[in-house]
Amino acid sequence: MISCLLGVVLLLVEGCRSGGGVAMPTEASMRAGCRAKAAVQYGTPEPAMKVDGPIGPGDGGGFALPGSVDKGAEGVETFLCRYTAERTLFDVMATTSDGE
């Protein structure tokens with residue numbers, strides 16, 4: 001019994017090591033990255049960026065996080081932070097029509 005448990009523990013440890021030791025970004029870090037990149041794109045302080053919506057499925061097995069920012073006289077603009085399947089942020093896409 002003990003040898004079986006030891007084997008399971010070793011398997012788990014080796015499985016963790018074989019993953020390259022790189023942890024997947026957490027939901028909190030995904031939101032923080034989205035907020036930071038969108039703030040630069042929209043020229044607005046990070047606290048103004050709202051990214052409270054659910055992180056859902058995105059293109060190609062990735063993820064998407066909707067967000068918005070109130071730009072005062074310019075109105076509320078919406079965007080979508082897009083992530084790879086590995087949860088790496090690769091794009092902040094505007095989703096508010098610019099009237100064209």
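The values are calculated or read from the model by the stated rules, or taken from the named source; none is laboratory data. Note that the structure is predicted; figures quoted are calculated from it, not measured. Cβ placement follows ideal geometry from the backbone for every residue including glycine, while neighbour counts extend to all protein chains displayed.
General observations
- Only listed residue being closer than 30 Å to residue 22 by Cα, in contact with a Cys (Cβ under 8 Å, 6 or more places away or on another chain) and not polar (S, T, N, Q), chosen from 67, 62, 56: 67
- Only one of the numbered conditions (1) surrounded by 15 or more Cβ atoms within 10 Å (Cβ to Cβ); (2) farther than 23 Å from residue 24 by Cα is not met by residue 65, and that is (2).
- All conditions in (1) closer than 22 Å to residue 25 by Cβ; (2) surrounded by 14 or more Cβ atoms within 10 Å (Cβ to Cβ) hold for residue 54, with the sole exception of (2).
- So residue 14, is it modelled with pLDDT of 65 or more and not hydroxyl-bearing (Ser, Thr, Tyr): no
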